[in-house]
Amino acid sequence: MRPDDDRPIPGSIEGAAPSGRVTIRDVARAAGVSRQTVTRAINNMTEISEETRQRVMRTVEELGYRPNRFAIDLSRQRTHAVGLIVGTFRNPYYAQLADAFVTELRRRDWQVVVGTADQGEAEAVRSMAAQTDAIIGYFLEPPAEFAPAARGIPIVQLEERATLPGVHSVELDFRTGIRDLVDALRTKGARRFAMIDSSKRTSEGLAVGSPRRQFFEEAVGTQCLVVAEPETIAGGVDGLRKLLAQDPKIDTVLAFNDLMAMGAVQGAHTLGVDVPGQVRIVGIDGISLGEAISPTLTTLSLETHTVAAEAASILAELFASEPMPSASITRIVKPVALWRESA
């Protein structure tokens, strides 16, 4: 009997993986062949007929099956490929984050493919899914918007907790980190708080306060002055000017990110305001560029190397499981204050 002379396996794709990912068993059932034949067809092996190979590959395409590259790479002594999607490289935080991931993933002998979501998050995921075993990324849209484009390969979302099956997360505990920061600032004499928040809007064009603002207002405990600006140095300059115009007695300003905080320091110099003598200025990110300004920037560090290590540990757990678990896995990282001269 020829190797591809398998008895048809009845049924359609019932019993697909809970995560929605089509499995090799689903392909075998639909094509009426064995799992071994599907493997031979996908790997272009010579032990099956061309007719059977074409039938299997048509089924693979129709069902949207994506082979488990991890298992394939093990058999061929090759490594994984992991995709990293960031917002933009115009913000040095993302460059620092990418460097942390490249360091961590290469330490594990994994390949890294880095890209941005400039063309849209779903399209970025779709592109990455075609060339990687897993995707890690910062996403603004809900997972239901971009996860289907991954066609079943695991996604690790950064910063916010994921609850959609097949999407995992490294959550940044901003609530605790910002509360600890505010408590420490109070011990340094801070009394009148304000914030320069991000003016970024939702995909529907709605202006909403960031979670960072929410946690900051919770930690301060009283209503504080907030302005919203673009996430740039210029946004920080304008933000500080507007805050001081509305309340010259402000003594502590938190900026949404380090770029805006550096702009606020620059704006203070222009206005003749002493930092930290009159106004303490604090950013959020922890980028090393904050050491290049005067005074050096105090910041809430997002601990990029810890984030990278936790995301990699999630992937290692997923890669070692057969089948991959559908329930979301979450690791939590607490941002930590990095005290420099500006506060």
Between the stretch 263-287 and the stretch 90-124, the alpha-carbon center distance in angstrom | 30 Å
List the relative contact order of the chain as a percent without decimals, with contacts defined as Cα pairs under 8 Å and 6+ residues apart.
-> 15 percent
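For the stretch 174-301, what class follows from the C-alpha gyration tensor (a ≥ b ≥ c being the square roots of its eigenvalues): rounded when a/c is under 1.5, otherwise prolate if a/b is larger than b/c, else oblate?
It is rounded, given that a/c, with a ≥ b ≥ c, falls under 1.5.
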Packing-based exposure ordering (other Cβ within 10 Å, fewest first) of S169, S127 = S127, S169
Per principal axis, largest first, the Cα atoms of the chain extend in Å by 88, 37, 30
Any lysines whose Cα falls less than 23 Å from that of K200, other than same-chain ones fewer than 8 residues away, would be K242
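Taking only DSSP H segments of four or more residues, each worth -39500 (n - 2.57), what value at 222 nm results for the chain once the sum is divided by all its residues, to the nearest 500 deg cm²/dmol?
Dividing the helical sum by the residues of the chain leaves -12000 deg cm²/dmol.
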Residues whose placed amide H lies under 5 Å from that of S301, excluding near-sequence neighbours | D285, V336, A337, L338
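Each reported figure results from applying straightforward, stated rules to the coordinates on display, with no laboratory input. From a predicted model like this one, the values you see are computed outputs, not experimental measurements. Heads up, the Cβs are rebuilt from the backbone with ideal geometry, glycines too, and the neighbour counts pull from every protein chain shown.
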